[in-house]
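Report on the following structure.
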Amino acid sequence: MTTAVQNLKVGVVVFPGSNCDRDTLHVASLLPGAQVRSVWHKETSLGDCNLAILPGGFSYGDYLRCGAIARFSPVMKAVADFAQKGGTVIGICNGFQVLTESHLLPGVLLPNESRKFICKNVHLRVERTDIPATRGLNKGDVLKMPIAHGDGNFFADEEAIARLEKNGQVVVRYCDERGNVTAEANPNGARNNIAGICNERGNVFGLMPHPERCSEDILGNTDGFRIFKSLATL
Amino acid sequence: MKTQVTVTLKNGILDPQGKAVEHALHSLGFAGVRGVRIGKFIEIEMDAPATEQAKKDAEEMCKKLLANPVMENYRVTVAEQGK
């Protein structure tokens with residue numbers, strides 16, 4: 001049914017302050033045949049990578065706004081060009097914030113409604129399965145995944161939210177363990193329980209939860225690896 | 001030339017920090033406090049031949065970096081010549 005991507009070459013971008021890059025590299029390296037490397041923020045090219053991941057962390061100490069300074073790193077020009085050409089770009093947590101600040105994804109991640117940094121498992125309902133990151137999943141699947149953020153409250157104005165919904169750009173939504181999208185299941189106040197979105201073309205995807213933190217049996221949860229496996233299949 | 005930039009949250013954007021301060025002010029007895037919004041104040045020292053140029057440059061900086069138009073407004077004021 002699915003075939004492995006030939007010569008999967010994963011580049012994980014490292015900004016000063018990134019702290020999930022090693023985990024992400026490690027999990028990507030578990031994919032059969034994958035070559036992985038870190039890409040320092042000063043590099044001006046992604047080389048022959050065919051998958052770029054912006055990891056979680058606190059790039060530039062979250063100064064000014066989360067992701068605002070990272071956007072001007074030399075590597076982001078290369079990431080934008082790569083995305084423009086249809087390359088697959090994934091932003092996890094801070095990586096998602098960097099993608100919105102770079103205008104590769106719409107909206108912004110505001111501080112959590114509760115004012116607290118939240119670190120816990122949440123459930124996500126898969127809303128779209130025709131993009132690289134979710135093509136191995138089924139619509140309506142419920143994934144358990146940890147979040148760890150202070151600014152994960154997805155916001156865009158009414159018009160932009162309506163456009164995202166109409167275009168089917170909401171990829172994953174916070175839900176309860178049965179898949180019901182409820183206010184109680186929304187950890188941070190995100191509009192429409194949005195946990196992750198893609199661009200119109202579907203090749204750029206950002207999410208607040210951390211798939212790389214739940215990708216191995218030893219950690220008791222491998223739901224996140226389903227995202228990585230999707231990225232490695234056609 | 002000294003340029004001052006004030007970045008504020010747009011109306012309707014939740015400001016949890018402002019809310020927390022509002023509650024603290026209430027508990028201090030300032031019962032009349034109706035709302036608190038917290039923004040950023042940025043002071044920029046720059047070389048510019050004229051006030052208009054400094055203002056224009058600062059506005060450009062706001063658009064490109066200092067403010068995010070999805071959630072913030074900005075206001076630029078240039079201190080008159082001198083210190």
- Message: Being under 7 Å from A:R125 (Cβ atoms) and surrounded by fewer than 17 Cβ atoms within 10 Å (Cβ to Cβ) is the filter here; which residues of region A:170-180 pass it?
- Response: A:G179
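Is it the case that some residue within region A:25-48 is in a loop (DSSP other than H, G, I, E, B), within 30 Å of A:A185 (Cα to Cα) and touching a residue at least 60 places away in the same chain (Cβ under 8 Å)?
Of all residues in region A:25-48, those in a loop (DSSP other than H, G, I, E, B) come to A:30-34, A:41-48.
Within this subset, residues satisfying the condition of being within 30 Å of A:A185 (Cα to Cα) are none.
No, there is no match, as no residue in region A:25-48 is in a loop (DSSP other than H, G, I, E, B), within 30 Å of A:A185 (Cα to Cα) and touching a residue at least 60 places away in the same chain (Cβ under 8 Å).
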- Message: I'm checking my understanding of the structure. Among residues of region B:35-76 that are modelled with pLDDT of 95 or more and among the polar types (S, T, N, Q), which one is nearest to A:L105 (Cα to Cα)?
- Response: B:N68
- Task: Scan A:P209, A:P187 and give me the residue that is under 12 Å from the mean Cα position of the chain (by Cα), at pLDDT 95 or above and assigned to a loop (DSSP other than H, G, I, E, B).
- Result: A:P209
- Note on the structure: If you go through A:Q97, A:Q84, the only one that is among the polar types (S, T, N, Q) and away from every other protein chain (no Cβ under 14 Å) is A:Q84
- Between a first residue in region A:156-178 that is at positive phi and more than 14 Å from chain B (Cβ to nearest Cβ) and a second residue that is in a loop (DSSP other than H, G, I, E, B) and open to solvent by 10 Å² or more (accessible area, probe 1.4 Å), which pairs have beta carbons less than 8 Å apart while being 6 or more apart in sequence or on different chains? A:G168/A:E127; A:G168/A:R128
- Note on the structure: Given the conditions (1) in contact with a Ser or Thr (Cβ under 9 Å, 6 or more places away or on another chain); (2) on the phi > 0 side of the Ramachandran plot; (3) charged (D, E, K, R), every one holds for A:K139 apart from (2)
- In this structure, does A:L64 turn out to be without any contact (Cβ under 8 Å) to a residue 60 or more places away in the chain, open to solvent by 10 Å² or more (accessible area, probe 1.4 Å) and either part of a loop (DSSP other than H, G, I, E, B) or among the basic types (K, R) (or both)? yes
- Checking A:D151 against (1) in contact with a helix residue (DSSP H, G or I) (Cβ under 8 Å, 6 or more places away or on another chain); (2) part of a loop (DSSP other than H, G, I, E, B); (3) away from chain B (no Cβ under 14 Å), the condition it does not meet: (3)
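Residues are listed down the side, and each one gets a yes or a no for (1) of a type in the set (D, E); (2) open to solvent by less than 10 Å² (accessible area, probe 1.4 Å); (3) over 18 Å from A:P111 (Cβ atoms):
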residue: A:E184; (1), (2), (3): yes, no, yes
residue: A:P187; (1), (2), (3): no, no, no
residue: A:I194; (1), (2), (3): no, yes, no
residue: A:E200; (1), (2), (3): yes, no, yes
residue: A:V204; (1), (2), (3): no, yes, yes
residue: A:F228; (1), (2), (3): no, yes, yes
- Note on the structure: Counting only residues in region A:67-81 that are part of a helix (DSSP H, G or I) and within 11 Å of chain B (Cβ to nearest Cβ), the one nearest to A:F155 (Cα to Cα) is identified as A:R71
- Name the residues in region A:84-116 that are of a type in the set (D, E, K, R), surrounded by fewer than 24 Cβ atoms within 10 Å (Cβ to Cβ) and in contact (Cβ under 8 Å) with a residue 12 or more places away in the chain, would you? A:E113, A:K116
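The values are calculated or read from the model by the stated rules, or taken from the named source; none is laboratory data. Just so it is clear, the model here is predicted, and its values are computed rather than measured. With ideal geometry, Cβ positions are generated from the backbone for all residues, glycine too; neighbour counts draw on all protein chains shown. When the accessible area is computed, the model is the full protein with side chains, heavy atoms only, and any ligands, DNA or RNA have been set aside. Shrake-Rupley method; radii C 1.70, N 1.55, O 1.52, S 1.80 Å.
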